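Below is one structure, written out as structure tokens; comments come after it.
The values are calculated or read from the model by the stated rules, or taken from the named source; none is laboratory data. Note that the coordinates shown come from a computational prediction; the quantities given were computed from them, not determined experimentally. Methodologically, a virtual Cβ is constructed for each residue, glycine included, from the backbone with ideal geometry; neighbour enumeration extends over all protein chains shown. Calculation scope for accessible area: heavy atoms of the full protein, side chains included, ligands and nucleic acids excluded. Shrake-Rupley method; radii C 1.70, N 1.55, O 1.52, S 1.80 Å.
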Amino acid sequence: MRALKFLLQKEFRQVFRDKGFIGRLFIAPAIQLILLPMAANYTIKNINIAIVDHDHSSVSKKLTDKIVSSGYFKLTGYTDFNSKANILIENDKADIVLELPEGFERNLIREGNQKIAIEVNAINGVKASVGFGYLSGIISDYNNSIRMEWVEPSRMNALPTIDIISSFWYNPALTYYIFMVPAILVSLVTSIAGLSAAFNIVKEKEIGTIEQINVTPIKKHHFILGKLIPFLFMGFLVFTVGLLISWIVYGIVPLGHIALLYLFLEVFLFAILGFGLLISTYTETQQQANSLMFLFMMVFNMMSGLYTPIDSMPGWAQFITHLFPINYFIDVMRMVVIKGSGLHDILHHIWAVLTIGIVLNTWAVLNYRKTT
């Protein structure tokens, strides 16, 4: 333990001697946590729509006003000609073209039905499907409103109706910040802790001090612990700063006990720091370590459920995600912060990440060759 104490003193002095330490530890994560949630917005708005109105009736104009006032669409063209609307969609100035035929109002009144055409630019499949869904819902709602106005009350009362009473659990306002900010905080902690641990031993190799350590009687597991513990404290500091920013900027307060987050954070850092140290035992330069960590971090973020649901991935990809500790931490953050889950709900996640951490750290200790 005395040897470990001296190792820790050395590591903390080395960390605080770095002039860019404060910037990497506090300033950069703060800026990213403020800006990234604003960019990672699931709400699709300002969809460009062009309307081809061959009717120019009061009904077609009211429908146009309803679409534009919804807040989801931006009118980029209002014309009588299909060719003009097609040019807009070809030049990417319109995402959707709505065509209202001649006699639109007349046919609705006389025949009780009328077909309209919707053409969608489907290069961006997600935006196309969401935009079509928005427009279909607005048209359906407008259709119901004019039926209420035009159909006799006695006939309307005879028709069966279904009333829907909706209830949105955990996020009643459907605010995407509540869903994204906890996950982005996990990603930042993973990047900072993992990269710092990966660079540590490699930096010793580059400046030549690793040879001096290798000739000492320090045991391998003491050496690895000495490298791991300082970055454990760094991870706690970054996480605490992230929680404060989430509260101050976005007003996010965990519904569950905050101690559960720190408990899982400790287990998670044990795993991710072990992974960083493992990378550093396989690399000889900081450039190699950075390249490997960048590759793995990109895979972690894309397959962790940060941006896309894991349930929508193929079966083989879902299996692989169970090997990534970041996947479990993002899940736990959303469970505790949004749902208010307790210890019993996250026990499975704790045991899974702890197992991964034991494997990675054992691998790092065994792979580190204490040679001169």
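The label-point distance for ASN367 and THR240, in a model that sets each label 7 Å from Cα toward Cβ, rounds to 3.2 nm.
For the range 222-289, which whole percent of the accessible surface, found with a 1.4 angstrom probe, sits on carbon and sulfur atoms? Carbon and sulfur together cover 72 percent of it.
Taking a straight Cα-Cα cut-off under 20 Å and skipping sequence neighbours fewer than 8 places away in the same chain, the aspartates and glutamates within cross-link reach of LYS127 are GLU90, ASP92, ASP95, GLU99, GLU119. The slack between GLU90 and SER291, meaning 0.36 nm per residue of separation minus the straight C-alpha distance, is 68.3 nm. Taking θ as phi - 60° and the Karplus parameters 6.51, -1.76 and 1.60, the scalar couplings of the range 287-292 work out to 5, 5, 4, 5, 5, 5 Hz in sequence order, x denoting glycine and proline. Estimated at the nearest 10 Å², the accessible area of GLU111 is 120 Å² with a 1.4 Å probe.
The largest accessible area among VAL52, VAL126, VAL365 belongs to the first residue in VAL126, VAL365, VAL52, and the rest follow in falling order (1.4 Å probe, all chains).
Counting 0.36 nm for each residue step from PHE319 to THR175 and taking away their Cα separation leaves a gain of 48.9 nm. For the pair ALA28 and MET148, a Förster radius of 41 Å applied to the C-beta separation gives a FRET efficiency near 0.15, rounded to the nearest 0.05. A 1.4 Å probe, protein heavy atoms only, puts the accessible area of LYS45 near 110 Å². A 1.4 Å probe, protein heavy atoms only, puts the accessible area of HIS349 near 20 Å².
The overall shape of the range 301-342, judged from the alpha-carbon gyration tensor, is prolate: a/c is not under 1.5, and a/b is greater than b/c.
The modelled label-to-label distance between ILE258 and TYR282, using points 7 Å beyond Cα along the C-beta direction, is 3.8 nm.
A Förster distance of 56 Å, applied to the separation of the beta-carbon atoms of TYR78 and PHE233, puts the FRET efficiency at 0.40. Computed from backbone phi with θ = phi - 60° and the Karplus coefficients 6.51, -1.76 and 1.60, the 3J(HN,Hα) list for the range 109-114 is 6, 7, 9, x, 7, 7 Hz; x is used for glycine and proline.
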